[in-house]
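**Student:** My structure is below; once you've seen it, I'll send some questions.
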Amino acid sequence: QKEVEQNSGPLSVPEGAIASLNCTYSDRGSQSFFWYRQYSGKSPELIMFIYSNGDKEDGRFTAQLNKASQYVSLLIRDSQPSDSATYLCAVNLGYSSASKIIFGSGTRLSIRP
Amino acid sequence: KAGVTQTPRYLIKTRGQQVTLSCSPISGHRSVSWYQQTPGQGLQFLFEYFSETQRNKGNFPGRFSGRQFSNSRSEMNVSTLELGDSALYLCASSLTSGATTYEQYFGPGTRLTVT
């Protein structure tokens with residue numbers, strides 16, 4: 001079982017709709033979770049991070065974390081063509097004084113006009 | 001604040017050679033992590049340095065090594081290059097290290113091609 005799993009997509013969503021991206025992780029001890037957006041040919045850009053169970057909202061983005069189910073998701077409201085990118089889920093599998101960030105393989109999101 | 005910078009941006013080497021890549025973190029950030037990104041394997045963790053000490057490492061052979069200087073700048077070295085080392089090498093910096101809060105910011109990467 002991979003440590004961090006994502007559906008590779010592509011996920012096609014009409015402009016203005018809600019895009020829902022999902023990620024599961026294997027280590028119950030994981031404490032911090034991140035979503036990165038990566039445009040083709042560019043480096044990953046941090047868009048959301050979440051450390052506690054529940055929802056965290058930032059503009060059009062909402063991250064949801066359920067540690068009991070080992071599940072983290074990203075919702076993008078009012079999707080725009082500029083949201084078309086690969087979204088990487090990352091989980092910190094490190095221990096107290098060190099970090100070890102493991103990335104999922106990414107979900108390609110395509111917003112169709 | 002200036003972002004993470006990496007040099008060089010592009011590099012072409014031949015098999016058997018060695019290469020050194022450089023990363024300057026965001027000012028004030030003390031943690032630097034290195035990643036390899038390939039189409040087949042995705043983004044894979046190489047190692048993390050914090051206050052000049054390697055804190056954690058991924059599953060890469062000993063040909064991959066790194067170090068961090070007192071000003072937090074970091075270098076990564078790959079010796080005896082193989083064709084499979086062709087990849088985008090990304091550096092990411094963070095204010096701190098640890099299991100709980102660790103927001104990383106990536107540099108633009110170094111595209112290494114091994115022929």
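The values are calculated or read from the model by the stated rules, or taken from the named source; none is laboratory data. Please read these numbers as outputs of a predicted model, since none were measured by experiment. Every residue, glycine among them, receives a Cβ derived from its backbone with ideal geometry; neighbour counts consider all protein chains shown. For accessibility, only protein heavy atoms count, side chains too; no ligands or nucleic acids. Shrake-Rupley method; radii C 1.70, N 1.55, O 1.52, S 1.80 Å.
**Student:** Every residue in the stretch B:100-115 that is open to solvent by 10 Å² or more (accessible area, probe 1.4 Å) and under 12 Å from B:GLN36 (Cβ atoms), please.
**Tutor:** Selection gives B:ARG111 alone.
**Student:** Filter the stretch B:45-63 down to the residues that are open to solvent by 60 Å² or more (accessible area, probe 1.4 Å) and more than 20 Å from B:THR80 (Cα to Cα), then identify the one that is farthest from the other protein chains (Cβ to nearest Cβ).
**Tutor:** Initially, the stretch B:45-63 is screened for residues open to solvent by 60 Å² or more (accessible area, probe 1.4 Å), giving B:52-55, B:57, B:59, B:61-62.
Retained after the next criterion (residues that are more than 20 Å from B:THR80 (Cα to Cα)): B:52-55.
On the way: B:GLU52: 14, B:THR53: 10, B:GLN54: 9, B:ARG55: 4 Å.
Ranking the qualifying residues of the stretch B:45-63, first place goes to B:GLU52.
**Student:** Oh, and also: Quick check, is B:ALA92 within 23 Å of B:GLN41 (Cα to Cα), facing chain A (nearest Cβ under 10 Å), open to solvent by less than 30 Å² (accessible area, probe 1.4 Å) and not aromatic (Phe, Trp, Tyr)? Even if it seems obvious, please write down each step before you answer.
**Tutor:** On the way: within 23 Å of B:GLN41 (Cα to Cα): yes; facing chain A (nearest Cβ under 10 Å): yes; open to solvent by less than 30 Å² (accessible area, probe 1.4 Å): yes; not aromatic (Phe, Trp, Tyr): yes.
Taking the combined requirement at face value, the residue satisfies it.
**Student:** I've got another one for you. Within the stretch A:93-107, how many residues turn out to be at pLDDT 90 or above and at the interface with chain B (Cβ under 7 Å from one of its Cβ atoms)? Let's see the steps before the verdict.
**Tutor:** Taking the stretch A:93-107 first, the residues at pLDDT 90 or above are A:102-107.
Then drop every residue that is not at the interface with chain B (Cβ under 7 Å from one of its Cβ atoms), which leaves A:102-103, A:105-106.
Total satisfying the criteria: 4.
**Student:** Go over the candidates B:SER97, B:SER74, B:SER79 one by one and state the one that is more than 7 Å from chain A (Cβ to nearest Cβ), touching a strand residue (DSSP E or B) at 6+ places or on another chain (Cβ under 9 Å), crowded, with 22+ Cβ neighbours inside 10 Å and farther than 20 Å from B:GLN41 by Cα.
**Tutor:** The unique qualifying residue is B:SER74.
**Student:** Taking A:LYS67, is it within 14 Å of chain B (Cβ to nearest Cβ), modelled with pLDDT under 95 and more than 25 Å from B:PHE50 (Cα to Cα)?
**Tutor:** Details: within 14 Å of chain B (Cβ to nearest Cβ): yes; modelled with pLDDT under 95: yes; more than 25 Å from B:PHE50 (Cα to Cα): yes.
Here the answer is yes, as A:LYS67 does meet what is asked.
**Student:** Can you name every residue in the stretch A:95-108 that is open to solvent by 10 Å² or more (accessible area, probe 1.4 Å) and small (Gly, Ala, Ser)?
**Tutor:** Those that are open to solvent by 10 Å² or more (accessible area, probe 1.4 Å) and small (Gly, Ala, Ser): A:SER96, A:SER97, A:SER105.
**Student:** Would you call B:GLY66 in contact (Cβ under 8 Å) with a residue 24 or more places away in the chain, more than 22 Å from A:SER30 (Cα to Cα) and within 14 Å of another protein chain (Cβ to nearest Cβ)?
**Tutor:** Details: in contact (Cβ under 8 Å) with a residue 24 or more places away in the chain: yes; more than 22 Å from A:SER30 (Cα to Cα): yes; within 14 Å of another protein chain (Cβ to nearest Cβ): no.
When the stated conditions are applied, B:GLY66 does not pass them.
**Student:** Next question, about the same structure. For the stretch B:2-38, give me the residue count where each residue is touching a strand residue (DSSP E or B) at 6+ places or on another chain (Cβ under 9 Å) and open to solvent by 60 Å² or more (accessible area, probe 1.4 Å).
**Tutor:** 12
Conditions (1) at pLDDT 95 or above; (2) exposed (fewer than 15 other Cβ atoms within 10 Å of the Cβ); (3) farther than 30 Å from B:ARG30 by Cβ, marked per residue:
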site	(1), (2), (3)
A:ALA17	yes, yes, yes
A:ARG37	yes, no, no
A:SER52	no, yes, no
A:LYS56	yes, no, no
A:ALA63	yes, no, no
A:GLN80	yes, yes, yes
A:SER84	yes, no, yes
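**Student:** Take the residues in the stretch A:19-35 that are open to solvent by less than 40 Å² (accessible area, probe 1.4 Å) and of a type in the set (Ser, Thr, Tyr); name whichever of them is modelled with the highest pLDDT.
**Tutor:** So the first thing to find is which residues in the stretch A:19-35 are open to solvent by less than 40 Å² (accessible area, probe 1.4 Å), and the list is A:19, A:21, A:23, A:25, A:30, A:32-35.
Pick out the ones that are also of a type in the set (Ser, Thr, Tyr) and you get A:25, A:30, A:32.
Values: A:TYR25: 94, A:SER30: 88, A:SER32: 91.
Looking at residues that are open to solvent by less than 40 Å² (accessible area, probe 1.4 Å) and of a type in the set (Ser, Thr, Tyr), I get A:TYR25.
**Student:** Scan the stretch A:21-30 residue by residue and report those that are over 13 Å from A:SER84 (Cα atoms) and not in a loop (DSSP other than H, G, I, E, B). Please lay out each step first, then the result.
**Tutor:** Filtering the stretch A:21-30 down to residues over 13 Å from A:SER84 (Cα atoms) leaves A:22-30.
Within the stretch A:21-30, A:ASN22, A:CYS23, A:THR24, A:TYR25 meet the criteria.
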